[in-house]
2 protein chains.
Amino acid sequence: MFRKATKGQETRERLLSIAETAVLAKGFAATSIEEVIAEAGITKSGFFYHFADKNALAHEMLQRYVVANDQVFEQTFGRAAELSDDPLQRFLIGLKLLAETMADLPNGHPGCLIASVCYQERLFDRTVLQLTADSVRKWNAYFHEHIAAIAAVYPPSEPVDLDQLSAMMSCIVDGGIIMGKTLGDTTILPQQILLFRSYIKLLFAR
Amino acid sequence: MFRKATKGQETRERLLSIAETAVLAKGFAATSIEEVIAEAGITKSGFFYHFADKNALAHEMLQRYVVANDQVFEQTFGRAAELSDDPLQRFLIGLKLLAETMADLPNGHPGCLIASVCYQERLFDRTVLQLTADSVRKWNAYFHEHIAAIAAVYPPSEPVDLDQLSAMMSCIVDGGIIMGKTLGDTTILPQQILLFRSYIKLLFAR
DNA sequence: GCCAAAACTGTACCAGCGGTACAGGCAAAT
DNA sequence: ATTTGCCTGTACCGCTGGTACAGTTTTGGC
């Protein structure tokens, strides 16, 4: 039997969601508890019932973000796996689906919390930083799996380090998010993903 | 006759340098004027003699960063231009030099201020945000020049949007910086630059 | 419908920060 | 000798992030 989401969990969710939006817009330090609780319609004491301190909020916020991101990847590339058996086709389809998903976000990608934390590292304790590092490593490993499966079937047209190629994926995404936000151009991220896809094609599909 | 750097300019520089390091580590909001002046060995009044308010500090900090970055690019690709006349070779050499420069940074790249601002946009006024957007556009245009010159001589092995390809450069760099900082791995940024170089080679040098 | 746990509210308090104001001091350039 | 640039010292203020803790309402399980 699944546990029904209690009222407390809903409030937590709301707090985390509001906080995430604020953190991506102003950074962690400038995100005041005051404004979060104001928007959530709760008191300061209520906030501290849910989170021991601001760092606890950061930790749960990140966990939430990582889980959501994992789901997007698994959903996207899972769907791609249904559409083809070939590892290369799977990955190419997955990248196209991902680009479409990113293009469909009405206001563009809201921002990457890992990048946000990275540029405010000194504000967080080791557990939070560990969480970001572990997540990045996990995503790198995830893409490495896909790419290694491709390389096993299709020898690359030029020698290439598969670890670096896997890492490139996340770099492109993070970089695309930043440029998109900075220029106010929501097409940049999906385009960069498709450009990475193009590189993969050029490397393996010849 | 060049103007000798006055004492005031030196102090300004010191303040900007200290502030930049702090901002890249903790974000703008968490960087207190108090700590900056403490490290600089100056009083608060001294600080406000140089900067009208915190936003003025941010503005000059960014200008300084953009100029420094411009110089790195111009120096690197300028040196490359001395070593070859061919647009493709120039760019490839430039990318290699850039990767080496990044690899030689003792503690890795300290971070990109544009990315930092991007994740704290609400803290800055329009002039600062305009400055970041303009800089990114300028860099995109700069790389577009290089790449268009290549494409004019060497038709790409696959149709590719040159604007997107130019933008990819900055995306890779920003993404590489973030992953490098997050994983504590200073080799990632130079490797990603070389991987981008490899893509350029694959596209045009066949 | 009772009861215990969950989910809060209310109040009080503090240090520190950004920012202002203003009265100087000191050294170098002209 | 005087101005100009570059600061120091002192005093002050409003705001807010954050802490602490006692008390109150709501909810869900039985």
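Please treat every number below as a calculation from the coordinates, not as lab data. Predicted model only: the values in this text are computed from it and were never measured. Cβ coordinates were reconstructed from backbone atoms using ideal geometry, including for glycine residues, and neighbour counts include every protein chain displayed.
Across chain A, the convex hull enclosing all Cα atoms gives 147 Å³ per residue. Listed by Cβ neighbour count within 10 Å, with the fewest neighbours leading, B:TYR199, A:TYR154 appear as A:TYR154, B:TYR199.
Return one number: the angle in degrees, 0 to 90 and rounded to the nearest 10, between the long axis of the Cα atoms of helix B:54-83 and the longest principal axis of the Cα atoms of chain B. Between the helix axis and the principal axis of chain B, the angle is about 30 degrees.
Rounded to the nearest 20, the size of the Cβ-charge dipole of chain A about its Cα centre is 300 debye, with Lys and Arg at +1 and Asp and Glu at -1. Peptide B:107-120 is shielded by partner chain Cβ atoms: per residue, an average of 5 of them sit within 10 Å of its Cβ. Size descriptor for the range A:96-206, Kirkwood hydrodynamic radius: 15.3 Å (Cα pairs only, one decimal). If you sort the three axes of the alpha carbon gyration tensor as a ≥ b ≥ c, you get a/c of 1.5 or more for the range B:77-147 and a/b no higher than b/c, which makes it oblate. Taking Cα atoms only, the orientation of helix A:162-183 departs from the longest principal axis of chain A by about 50 degrees.
Grab the other residues whose beta carbon is less than 12 angstrom from that of A:ILE178, score K and R as +1, D and E as -1, and report the net. Cβ neighbours under 12 Å give a net charge of -3. Note on the protein assembly as shown: with charges restricted to the Cβ of Lys and Arg (+1) and Asp and Glu (-1), its dipole about the Cα centre is near 460 debye. Pairs of alpha-carbon atoms within less than 8 angstrom and 6+ residues apart define the contacts here; what relative contact order does the range B:54-204 have, in percent? Relative contact order comes out at 31 percent. Between A:ASP161 and B:GLN89, the distance separating the two model label sites (each 7 Å from Cα on the Cα→Cβ line) works out to 2.7 nm. Taking Cα atoms of the protein assembly as shown, Rg/Rh with Kirkwood Rh, to two decimals? Value, to two decimals: 0.99. Each helix, a run of at least 4 DSSP H residues, gives -39500 (n - 2.57); summed and divided by the residues of chain B, these come to -25500 deg cm²/dmol at 222 nm. Each of B:GLN191, B:GLY111, B:ALA133 was placed along the dipole of the range B:54-204 (beta-carbon charges, centred on the mean Cα), and the one lying farthest toward the positive end is B:GLY111.
I'm checking a number: the convex hull volume of the Cα atoms of the range A:1-51, normalised per residue, in Å³. What is it?
Cα-based convex hull of the range A:1-51, divided per residue, equals 80 Å³.
Student exercise: in chain B, how many lysine pairs 8 or more apart or on different chains have Cα atoms under 16 Å apart? Within chain B, the lysine pair count is 4.
Residues A:PHE28, A:PHE91, B:PHE143, A:PHE51, arranged from fewest to most other Cβ atoms within 10 angstrom of their Cβ, appear as A:PHE51, B:PHE143, A:PHE91, A:PHE28. Placing a label point 7 Å from Cα along the Cα-to-Cβ axis, B:PHE73 is separated from the same position in the other copies by 3.1 nm, shortest listed first.
Computed extension length for A:ARG14-A:GLU145: 43.7 nm, one decimal, from 0.36 nm per residue of separation with the Cα-Cα distance subtracted.
Spatially, the range B:44-92 and the range B:108-165 are offset by 14 Å when compared through their Cα centroids.
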